[in-house]
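To start, the structure itself, in structure tokens.
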Amino acid sequence: MDVAQRIAERRPAYLAALAGGTARFHEPRRTDCPWCGSPRLRIRLRTADLVQHKPGAFTLDQCGNCAHSFQNPRLTPEGLDFYRRDIREGLGGKAADALFGAPSTDRRHLARARALREFDEPECWLDVGTGRARFPALAKQVLPYTSFDGLDPGRGVIKAVRGGRIEEGHRGTLTGLADALAGRYDALSLFHQLERSPDPRAELRAAKTVLRPGGHLMIEATDLGCRYARLLGKWWPSYSQPRQLHFVPLANLRVELENLGFTVVGVERRAAHVPADLSGALALLLNRCLPKGDVPWRARPAPPLRLKLRRAAWWAAVPALALAHALDRILAPLLTRTGFSNTYRIVARRGEGD
């Protein structure tokens, strides 16, 4: 089934879901920080859905006490499903393709495996949020004697088992499956999962439950201290609103891990950086300015002429996007030395006696 057919089939359901507006997709607004409880909140960002252009307005608040940033009001589970749906199916337009398909992640996956190999060669590794298990499939090149399993709420994890990319696939959430998987793994990865979790602390506790004593936890998370965040504002692709709920500062995460009995053995900012800030921002801007595409959450199908104009405009923008991507890669070695890294990586070892 092509994209046009999927759009036509899903339009009635989307229009029914939006008939009463988007207010029900949001929880009540918080007046305190979910991390430290401080009432000292300030608005960091107001934005719309710049990737899919689904209706709604979203706000990130930042705590003046601990610097934790969070979506406020937060999306309900129904709201999360609504805004995360279709993001990788080509229904959000070329910006989604540019942001999620563009720079190659292969080198990044291999670097992650090498980073943990410096501390351990685990017997079994659970990759949380594995999707179609691209990371485990590549990490086997670096850790050939490690057995990789995957955990994800989507159907892709089952397909990954059938394709031989992972040994076992667990469909669900880490917090929901932690007790069933208690003590099974001596390595666990949370790559950009804390941002998506309604409760990052619960995610960390679940990770501890699943890990064996002495096992290693590897986390990568968006770094809101990145200077690109201030420079690009709402066009900074790592904000990824409304799909990201929490942004935990590195200092806060270190303290929480230590409180849970972990020992932080490695911290990296430069090597974890994803060189896609300029190209991602340009893709978002183009997606905003170019003729609108056909999506199921709009009442009327886009006229064929507008779709042709949009397609032609995206092709015309390819040189500019290629230049922006080249600049991202060329400038990364220099800029990541001066506060422009957009991601941090932390490796922590679970204590032997708890």
Top-ranked residue in the stretch 290-313 [being in a helix (DSSP H, G or I) and not aliphatic (A, V, I, L, M); ranked as farthest from Leu116 (Cα to Cα)]: Pro304
Conditions (1) in a strand (DSSP E or B); (2) in contact with a helix residue (DSSP H, G or I) (Cβ under 7 Å, 6 or more places away or on another chain): number failed by Asn287: (1)
Check on Leu15, in contact (Cβ under 8 Å) with a residue 24 or more places away in the chain, outside any loop (DSSP other than H, G, I, E, B) and in the same structural domain as Leu290 (by the TED database): yes
Unique match (being touching a residue at least 24 places away in the same chain (Cβ under 8 Å) and farther than 30 Å from Ala251 by Cβ) among Leu323, Leu290, Leu284, Leu307: Leu290
Sole exception among (1) in a loop (DSSP other than H, G, I, E, B); (2) β-branched (Val, Ile, Thr); (3) closer than 22 Å to Ile346 by Cβ for Ile166, by number: (3)
Which numbered condition Gly154 misses (of (1) at positive phi; (2) at pLDDT below 95): (1)
Boolean, Pro77 is exposed (fewer than 11 other Cβ atoms within 10 Å of the Cβ) and within 18 Å of Arg243 (Cβ to Cβ): yes
Boolean, Val51 is surrounded by fewer than 18 Cβ atoms within 10 Å (Cβ to Cβ), closer than 30 Å to Ala281 by Cβ, of a type in the set (Val, Ile, Thr) and modelled with pLDDT under 95: no
Among the candidates Arg201, Arg162, Arg230, residue that is without any contact (Cβ under 8 Å) to a residue 12 or more places away in the chain and under 30 Å from Gln62 (Cα atoms): Arg230
Test: residue in the stretch 22-41 that is of a type in the set (S, T, N, Q) and either farther than 28 Å from Leu231 by Cβ or in contact with a helix residue (DSSP H, G or I) (Cβ under 6 Å, 6 or more places away or on another chain) (or both): yes
The stretch 178-204, residues that are surrounded by fewer than 16 Cβ atoms within 10 Å (Cβ to Cβ) and under 17 Å from the mean Cα position of the chain (by Cα): Asp199
Odd one out for Lys159 among (1) buried (at least 18 other Cβ atoms within 10 Å of the Cβ); (2) outside any strand (DSSP E or B): (1)
The listed residue being over 29 Å from Asp106 (Cβ atoms) and modelled with pLDDT of 90 or more, out of Arg300, Arg269, Arg306, Arg329: Arg306
Set Ala313, Ala332: member being among the small types (Gly, Ala, Ser) and either within 30 Å of Asp223 (Cα to Cα) or loosely packed, with under 14 Cβ neighbours inside 10 Å (or both): Ala332
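Condition check ((1) among the β-branched types (Val, Ile, Thr); (2) assigned to a loop (DSSP other than H, G, I, E, B); (3) more than 26 Å from Trp235 (Cα to Cα)) across all residues:
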site	(1), (2), (3)
Gln5	no, no, yes
Gly20	no, yes, yes
Pro28	no, yes, yes
Thr31	yes, yes, yes
Ser38	no, yes, yes
Arg46	no, no, no
Val51	yes, yes, no
Lys54	no, yes, no
Gln62	no, no, no
One residue from Ala229, Ala202, Ala251, Ala182 being touching a helix residue (DSSP H, G or I) at 6+ places or on another chain (Cβ under 6 Å), part of a helix (DSSP H, G or I) and farther than 21 Å from Arg107 by Cβ: Ala202
Among residues of the stretch 72-88, those that are farther than 18 Å from Ser238 by Cα, more than 16 Å from the chain's Cα centre (by Cα) and either at pLDDT below 55 or not in a helix (DSSP H, G or I) (or both), counted: 2
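The values are calculated or read from the model by the stated rules, or taken from the named source; none is laboratory data. What you are looking at is a predicted structure, and each value in this text was computed from that prediction instead of being measured. Counting neighbours? That spans all protein chains shown, and the Cβs are built from the backbone with ideal geometry, glycine included.
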